[in-house]
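Participant: This is the structure I have questions about; it appears just below.
The values are calculated or read from the model by the stated rules, or taken from the named source; none is laboratory data. A quick note: this is a predicted structure, and the numbers were derived from the prediction, not measured. Every residue, glycine as well, gets a Cβ built from its backbone with ideal geometry; the counts of neighbours run over all protein chains shown.
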Amino acid sequence: MALFSFDIFVANFTYTFILDFLIHLTPVYVLIAASVVAFHNEKIGGWIFIGLAWLFLLVTSGKASFSAITFMSGFCLLIGTLFLISKK
């Protein structure tokens, strides 16, 4: 997902470059935080990932292509499901 943040690179480097880069990395920070929670408690982490999948689906519906929505939501849904069915 961090690869998507590289679309802000332009020839003219300005002070807003760093802010734009950090804003584009916000979904990565959210997924890292969800991963930390999921490794401590699989059930809660699984539901967080499933919630993130639905959130991404709702936020991007009509704004992104079907493949982008499937890529982002699908993997979050898969990870959440795997955390929910995992056994310690």
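Participant: Based on what the data block shows, is ILE69 assigned to a helix (DSSP H, G or I), among the β-branched types (Val, Ile, Thr) and at pLDDT below 80?
Facilitator: Numbers: assigned to a helix (DSSP H, G or I): yes; among the β-branched types (Val, Ile, Thr): yes; at pLDDT below 80: no.
Criteria not met by ILE69.
Participant: Exactly one of these conditions fails for GLY62: (1) surrounded by fewer than 15 Cβ atoms within 10 Å (Cβ to Cβ); (2) on the phi < 0 side of the Ramachandran plot. Give me its number.
Facilitator: GLY62 satisfies all of (1) surrounded by fewer than 15 Cβ atoms within 10 Å (Cβ to Cβ); (2) on the phi < 0 side of the Ramachandran plot except (2).
Participant: Right, here's the next one. Go through region 72-88 and give me each residue that's assigned to a helix (DSSP H, G or I) and at pLDDT below 85. Before you say what the answer is, go through the steps one by one.
Facilitator: Applying the first criterion (assigned to a helix (DSSP H, G or I)) to region 72-88 yields 72-85.
Residue satisfying the conditions is MET72 alone.
Participant: Of everything in region 18-39, what is closer than 17 Å to ILE50 by Cβ and in contact (Cβ under 8 Å) with a residue 24 or more places away in the chain? Give them in sequence order.
Facilitator: Those that are closer than 17 Å to ILE50 by Cβ and in contact (Cβ under 8 Å) with a residue 24 or more places away in the chain: PRO27, LEU31, ALA38.
Participant: Among (1) modelled with pLDDT of 95 or more; (2) surrounded by 14 or more Cβ atoms within 10 Å (Cβ to Cβ), where does VAL36 come up short?
Facilitator: Only one criterion is unmet by VAL36, namely (2).
Participant: Count, please, the residues in region 39-52 that happen to be assigned to a helix (DSSP H, G or I) and surrounded by fewer than 20 Cβ atoms within 10 Å (Cβ to Cβ).
Facilitator: If we filter region 39-52 for residues that are assigned to a helix (DSSP H, G or I), which is where we start, we get 39-40, 42-52.
Next, only the ones that are surrounded by fewer than 20 Cβ atoms within 10 Å (Cβ to Cβ) stay: 39-40, 42-44, 47, 50-51.
Count: 8.
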